[in-house]
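The block underneath contains the structure these notes are about, expressed in structure tokens.
The values are calculated or read from the model by the stated rules, or taken from the named source; none is laboratory data. All of these numbers come straight from a predicted model, not from anything done at the bench. Virtual Cβ from ideal backbone geometry, glycine too; neighbours counted across all protein chains shown. Note: areas computed on protein heavy atoms with side chains; ligands, DNA, RNA excluded. Shrake-Rupley method; radii C 1.70, N 1.55, O 1.52, S 1.80 Å.
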Amino acid sequence: MLDDPDELAVLEEIQQELILQEQAVIDEYERSLQFDEECLNAMLDGLDASDKVICPVCRNNNLTVRNHLVFCQCGLYISTQGMTEGKLRSLLESTVTEHSHRCFHSPEFIVTSGMEEEASLLMSCAV
């Protein structure tokens with residue numbers, strides 16, 4: 001047994017510091033678990049929205065494919081034949097993937113139209 005009150009006070013102080021450190025580790029672990037849960041929920045929410053196609057021109061809104069038309073709130077409006085969201089997503093993904101095999105830069109998309117032709121979606125790369 002410790003007879004010196006100073007030694008006992010030092011040991012009690014060390015014990016309190018260890019308890020505080022343990023609580024800090026527990027708090028950090030709980031914050032980490034909460035962050036992981038929030039990330040998982042965000043990923044699951046993203047999977048729910050995976051049937052949507054993001055507009056390649058504005059990169060903000062979802063494209064709408066209806067009645068032989070592809071359009072977006074940003075003004076993209078293209079007439080199509082037999083296009084579905086699945087086909088459009090597949091075309092965009094394969095084109096961007098093919099480009100990425102040859103170039104590390106991100107391509108840009110614009111809507112073009114000539115005097116006699118209908119609007120088209122054009123992918124270009126500055127490089």
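Here is a yes/no grid of residues against (1) more than 20 Å from the chain's Cα centre (by Cα); (2) touching a residue at least 12 places away in the same chain (Cβ under 8 Å); (3) at negative phi:
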| site | (1), (2), (3) |
| --- | --- |
| V53 | no, yes, yes |
| V65 | yes, yes, yes |
| Q81 | yes, yes, yes |
| T84 | yes, yes, yes |
| K87 | yes, no, yes |
| E93 | no, no, yes |
| F109 | no, yes, yes |
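When the range 63-102 is examined, which residues are found to be among the aliphatic types (A, V, I, L, M) and surrounded by 13 or more Cβ atoms within 10 Å (Cβ to Cβ)? Hits for the range 63-102 are L63, V65, V70, L76, I78, M83, L88, L91, L92, V96. Here the range 1-39 is the region considered, the condition is being at pLDDT below 75 and hydrophobic (A, V, I, L, M, F, W, C), and the residue that is most open to solvent (accessible area, probe 1.4 Å) is M1.
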